[in-house]
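Single-structure report; data block below.
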Amino acid sequence: MPAIQRSKAVASAVAVVVLAGIGIAMYRDSNDDAGVFPDKDYEFGEVVHRDLLIRRVSPLGAVVVTKVDSVVRPGRAGKIHLRFDTRNWRGAATQLANVYTADDSIRPAATLRLRGIVVLPLQLSPHDRLYFFTATGEPERRDVELINHQPRPLKILSVTSDNPAFSVAHRAVENGRRYRVSVALDPRTPVGRHQGRVIVRTDNPAYAAVPIVVSAFVDERISTMPKRIDFSTIPLEAVGRPVIGDKQVLVKKHRGTDFQVLRVSTDLAFLEVTAKPHKQGESVMVMIRIQKQRARRGPIQGTLTIETNDPAFPQLKVPITGNLV
């Protein structure tokens, strides 16, 4: 009979079952594929059943511990109750809590992770705002889904826009549960910034009017960024330093494929201007640099002229301002 062996069962934290373990030794004969057991009887000795003691639970983030089964009996399960306040949370969430037991000296803390996605009872997906960045004459459309997470089915009564630049339509993806709202920007919308609100009216009194904020920035088909070159106030002696006295202007054709800048010039003699391709067939970068040896103190007032191969926009003019002191 083998000597008596003593072992202690080790339990893990949180909903834990503590059980004694039994070990059985099996040997394989090198000349035989079958398993053979040299000893038919195996004495596993004494196994000590002991309680698992949870010393403390330390929550991280927005988690609060509400209840802990601090003593877990052998063969039983214990529970740790965590509460995550989702009132000010939207989207994916991961929250943590560390569990420390009486055996921390030999076993590190266990980390619990709460993962999920927090959604509203009535959700606009992917966002409750729509943005348009486009050029004049280009039709644009954005879609948003209205998702009903409530038990009661939902019906859309109407969808309206307070700005005629934005037209609206809707259709059911899954009646009572999911609806797609489409917002289209009128291609005749003039250059500039435009704002609007789309209101989705439903048959649920708690969500009678669901707003969607809509913004649009419409530019010319060929445009510059920035619209104005401002050197601000520069000490003349600082002009030669890196970056100071240098500006860049991006010239871009919306959805261009063969766009070119043919020539760049300025009416200010102390400025050097050059152009180089930025994105082939679509955009060009124009560099403007103050030449210190030709510059004089005083206000900067002039124009950058950009000539292109586009017959509708053969020439662009960008104001130049600033002050050399």
Inset, instruction - Any residue in the range 187-215 that's over 29 Å from Q150 (Cβ atoms): show its pairings with residues that are assigned to a loop (DSSP other than H, G, I, E, B) and among the charged types (D, E, K, R) at Cβ separation under 7 Å, as long as the two are six or more apart or on different chains. - result: P187/E138; V191/E220
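Would you mention how many residues in the range 76-99 are in a loop (DSSP other than H, G, I, E, B) and open to solvent by 40 Å² or more (accessible area, probe 1.4 Å)?
Number satisfying all stated conditions: 9.
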Inset, instruction - Can you give me the number of residues within the range 161-192 that are open to solvent by 40 Å² or more (accessible area, probe 1.4 Å), over 24 Å from A135 (Cα atoms) and of a type outside the set (K, R)? - result: 5
Inset, instruction - State yes or no: is A102 within 30 Å of F217 (Cα to Cα), surrounded by 13 or more Cβ atoms within 10 Å (Cβ to Cβ), over 22 Å from the mean Cα position of the chain (by Cα) and among the small types (G, A, S)? - result: no
Inset, instruction - Could you name every one of the strands (runs of 3 or more DSSP E) located completely within the range 255-325 that has at least 2 residues being charged (D, E, K, R), open to solvent by 20 Å² or more (accessible area, probe 1.4 Å) and without any contact (Cβ under 8 Å) to a residue 60 or more places away in the chain? - result: 271-279
Inset, instruction - May I ask you to verify whether T233 is in a strand (DSSP E or B) and of a type outside the set (K, R)? - result: yes
Legend entry - Set V200, V251: member being of a type in the set (A, V, I, L, M, F, W, C), under 30 Å from Q123 (Cβ atoms), modelled with pLDDT of 95 or more and in a strand (DSSP E or B): V200
Inset, instruction - Being open to solvent by 50 Å² or more (accessible area, probe 1.4 Å) and part of a loop (DSSP other than H, G, I, E, B) is the filter; apply it to the range 51-68 and report the residue that is nearest to T101 (Cα to Cα). - result: D51
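The values are calculated or read from the model by the stated rules, or taken from the named source; none is laboratory data. For clarity, every value in this text was computed on a predicted model and none was experimentally measured. Cβ sites come from the backbone with ideal geometry, for glycine too, and all protein chains shown count toward neighbours. With ligands, DNA and RNA removed, areas are computed over all heavy atoms of the protein, side chains included. Shrake-Rupley method; radii C 1.70, N 1.55, O 1.52, S 1.80 Å.
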